[in-house]
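Scroll down for the structure; my scribbles are underneath it.
The values are calculated or read from the model by the stated rules, or taken from the named source; none is laboratory data. The model shown is predicted, which means the values in this text are computed figures rather than measured ones. Please note: Cβ atoms are built from the backbone with ideal geometry, for glycine as well, and neighbour counts cover all protein chains shown.
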Amino acid sequence: MAPIAVGDSLPDGTLAYFDEQDNLQEVSIHFLTVGKKVILFGVPGAFTPTCSLKHVPGFIEKAEELKSKGVDEVICISVNDPFVMKAWARTYPENKHVKFLADGSAKYTYALGLELDLGEEGLGVRSRRFALLIEDLKVKAANVEAGGEFTVSSADDILKAI
């Protein structure tokens, strides 16, 4: 399947997270994005160096600026289980706006056409690093990285697209 691109409709899918009461929840991506301007960014893995030290912190730091430009939601997804995503989110106590959602089986990542086979590295199927600007279920910007790069999907890069 070709990777999601500008002009495409965002496919629906179900992702998981733990709410404030520590209850496991599932949520439809369409529920979170319909009628809204949303940044959906994906990372190869929770607790991995580039994801943890650069990609996620950039979106946390720029969340207020993104909100000031009309962004309603900033969502991080990773092919990790919801327990890992909950633990990872807790390592960012300053975070007020970025939602951490789990795509444990990579079903949604496959629906986006953004899977990355890291089996040779012992990591299995993961997500390519990406950042999408979505307005009412339509992709307005699709910043997708090649391999393990981090050159086009930062918060600063997506701010340029708004």
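Which residue is nearest to His97 (Cα to Cα), if the candidates are limited to the range 69-83 and must be part of a loop (DSSP other than H, G, I, E, B) and of a type outside the set (D, E, K, R)?
Restricting to residues being part of a loop (DSSP other than H, G, I, E, B) and of a type outside the set (D, E, K, R), the top hit is Val71.
Looking only at the range 4-47, count how many residues are within 19 Å of Glu135 (Cβ to Cβ) and of a type outside the set (A, V, I, L, M, F, W, C).
Of the residues in that region, 13 qualify.
Just one of Lys138, Lys96, Lys160 is within 20 Å of Lys36 (Cα to Cα) and surrounded by 13 or more Cβ atoms within 10 Å (Cβ to Cβ); which is it?
Only one candidate passes the filter, namely Lys138.
So which of Val98, Val6 ends up being in contact with a Cys (Cβ under 6 Å, 6 or more places away or on another chain) and either of a type outside the set (Lys, Arg) or farther than 28 Å from Leu123 by Cβ (or both)?
Every option except Val98 fails the conditions.
Restricting to the range 59-70, and then to whatever is over 17 Å from Pro93 (Cβ atoms) and not hydrophobic (A, V, I, L, M, F, W, C), can you tell me which residue is surrounded by the most Cβ atoms within 10 Å (Cβ to Cβ)?
The extreme case among them is Lys62.
Which condition does Ile75 not pass, out of (1) in contact with a Lys or Arg (Cβ under 9 Å, 6 or more places away or on another chain); (2) farther than 23 Å from Glu149 by Cβ; (3) in contact (Cβ under 8 Å) with a residue 40 or more places away in the chain, if it passes all the others?
All conditions pass for Ile75, except number (2).
Tell me which residues, restricted to the range 26-44, are in contact with a Gly (Cβ under 9 Å, 6 or more places away or on another chain) and closer than 19 Å to Tyr110 by Cα.
Selection gives Ser28, Ile29, His30, Pro44.
Which ranges mark the strands (runs of 3 or more DSSP E) fully within the range 84-162 that have 3 or more residues being within 25 Å of Gln25 (Cα to Cα)?
Ranges flagged: 98-102, 124-127, 130-135.
Among (1) crowded, with 19+ Cβ neighbours inside 10 Å; (2) at pLDDT 95 or above; (3) out of contact with any Leu (no Cβ under 6 Å at 6 or more places or on another chain), where does Ile4 come up short?
Among (1) crowded, with 19+ Cβ neighbours inside 10 Å; (2) at pLDDT 95 or above; (3) out of contact with any Leu (no Cβ under 6 Å at 6 or more places or on another chain), the lone unmet condition for Ile4 is (3).
Out of all the residues in the range 103-120, which are acidic (Asp, Glu) and in contact (Cβ under 8 Å) with a residue 40 or more places away in the chain?
Result: Asp103, single match.
Looking only at the range 71-89, filter to residues that are closer than 20 Å to Leu132 by Cα and surrounded by fewer than 19 Cβ atoms within 10 Å (Cβ to Cβ); which one of those is nearest to the chain's Cα centre (by Cα)?
Here the residue is Glu73.
Is one or more of the residues making up the range 48-58 over 21 Å from Pro3 (Cβ atoms) and buried (at least 19 other Cβ atoms within 10 Å of the Cβ)?
yes
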